[in-house]
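Please read the structure below before turning to the comments.
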Amino acid sequence: MKEGALLVVFTAILLAGVVLVIAAFVLPNITSNQTMTSHGPIMPYGNSSYQISGYFFPPIAEGEQISLNISDYKPNSISISFFPSAQGSVSPTGTPLVFLPNLVGSFSHVLLTSTNTQPYGMYVTSMNRSSFTLTVASAWSPYYSLRGYVSEGIFMILLGGLGAVYFRGAKQREEEYRKVLAEVRSRKT
């Protein structure tokens, strides 16, 4: 490839890195109403008849309503716990907002209010491998996972910047070489 084409490629990489870093900082702060539906159970707990399904929810603003619906389960076979968690983790970091052991009936609806702006986690424990359908609705950022792309964006900025600077100089050197070469050819004739 010629230096001019490589200059365009590295400039595009630089701009893509800038866009990625800006998106990684701005978009995770934009929230909208989201609904997550899952069918369980997800994974067995050792060799027992218990199944534990864990769910992570991006930060939910303080005072925001959280709606939990769980259905299609056998009575007295499901327990749920909804709690504050750490960034990117399903591990509890505080007192659960709700713990409901051995749900009766075949449908349960719980309406909660977020106590702090923070991520939340949820465990659904299924006894005797009972299946269920879980729906959680609240306002959180659908772009929360973009936060993890800051380092890739910075790498692209560095790579694109270094390549653009190098190939801009190489393009100028090539142009100077062509001018000198044309001048030498014109003197020979």
Selection status of Met156, crowded, with 17+ Cβ neighbours inside 10 Å, assigned by TED's automatic domain parsing to the domain that holds Ile66, hydrophobic (A, V, I, L, M, F, W, C) and in contact (Cβ under 8 Å) with a residue 40 or more places away in the chain: no
List the strands (runs of 3 or more DSSP E) that sit entirely inside the range 1-104 and contain at least 2 residues that are farther than 30 Å from Val150 by Cβ and in contact with a Phe, Trp or Tyr (Cβ under 7 Å, 6 or more places away or on another chain). 51-60, 65-71, 78-84
Going by the structure shown, is Ala182 surrounded by fewer than 12 Cβ atoms within 10 Å (Cβ to Cβ), closer than 30 Å to Leu6 by Cβ and either modelled with pLDDT under 90 or not polar (S, T, N, Q) (or both)? yes
Could we say that Met43 is at pLDDT below 90, touching a Ser or Thr at 6+ places or on another chain (Cβ under 8 Å) and over 30 Å from Phe167 (Cβ atoms) here? yes
In the set Gly163, Gly121, the lone residue that is surrounded by 14 or more Cβ atoms within 10 Å (Cβ to Cβ), outside the structural domain of His39 (by TED's automatic domain parsing) and in contact (Cβ under 8 Å) with a residue 40 or more places away in the chain is Gly163
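The values are calculated or read from the model by the stated rules, or taken from the named source; none is laboratory data. Model, not experiment: these values are computed from the prediction. Backbone-built Cβ (ideal geometry, glycine too); neighbour counts: all protein chains shown.
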